[in-house]
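The values are calculated or read from the model by the stated rules, or taken from the named source; none is laboratory data. The structure presented is a predicted model; accordingly, all values stated were derived computationally and were not measured. Here the Cβ is made from the backbone with ideal geometry for all residues, glycine too, and neighbour counts use every protein chain on show. Please note that ligands, DNA and RNA were not included when accessible areas were found on the heavy atoms of the full protein model with its side chains. Shrake-Rupley method; radii C 1.70, N 1.55, O 1.52, S 1.80 Å.
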Amino acid sequence: MNDSAVAKPQDAKAKAAKKAALKGTNGTKSAKIRTSVTFHRPKTLSLPRKPKYPRKSVHHVPRMDAFRTIVHPLNTESAMKKIEDNNTLVFVVDIKANKRQIKEAVKKLYDVKADKINTLIRPDGKKKAFVRLDKSLDALEVANKIGFI
């Protein structure tokens, strides 16, 4: 039997290795079909931050506390009418205070539960808050307790 007629398995392996060495293993790569005309940069690994030191040494105290929120109660004629008729107290509050902060401040300072808060900004640039009290409370008594009647 002729050796050249029957190819040995080692010979086939050697020829494949030779071909791989000459041409390279990944010579036939097909181009990826793009379905969109815009290019989106692929998302890569983003590691969480590991700071070596805190950027702020001390956290600030809450900037809008109850004493800064409510500036003073208002006792004009129209405010007195609101106290008597609508069970509503009227305050001048900080311009940056929102309704939730006003509600919390009234609860903390005067121990009363506010039912609803309406606010407006006066022409002189100050914010006025109308604090509607709970049905169980009387605004006239609360105003006397606060001490502005």
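Structural remarks
- Only Cα pairs under 8 Å and 6+ residues apart enter the sum, and on that basis the relative contact order of the chain stands at 18 percent.
- Most fluctuating residue given options SER30, SER46, SER57, as computed from a GNM of the chain linking Cα atoms under 10 Å: SER30
- Summing Lys and Arg as +1 and Asp and Glu as -1 over all other residues whose Cβ lies under 13 Å from the Cβ of ALA139 gives a net charge of +1.
- Ellipticity at 222 nm from helices only: DSSP H runs of n ≥ 4 in the chain, each -39500 (n - 2.57), divided by the residue count, give -9500 deg cm²/dmol.
- Taking 28 Å as the limit for the C-alpha separation, the pairs LYS107/LYS128; LYS81/LYS116; LYS56/LYS116; LYS56/LYS127; LYS81/LYS103 exceed it in the case of LYS56/LYS116; LYS56/LYS127.
- Those residues of the range 68-93 whose amide nitrogen sits under 18 Å from the label point placed on ASP124, 7 Å along Cα→Cβ: 70-80, 90-93
- Where PHE148, PHE67, PHE91 fall by accessible area, highest first, once all protein chains stay in place (1.4 Å): PHE67, PHE148, PHE91
- Most mobile listed residue (LYS113, LYS56, LYS103) in the chain, GNM with C-alpha springs under 10 Å: LYS56
- Accessible area of the chain belonging to carbon and sulfur atoms, whole % at 1.4 Å probe: 55
- Taking the Cα centre of the range 1-118 as reference, the dipole from Cβ charges on Lys and Arg (+1) and Asp and Glu (-1) amounts to some 1300 debye.
- Cα centroid separation - the range 34-82 against the range 128-149, whole Å: 32
- Most mobile listed residue (ALA79, ALA97, ALA16) in the chain, GNM with C-alpha springs under 10 Å: ALA16
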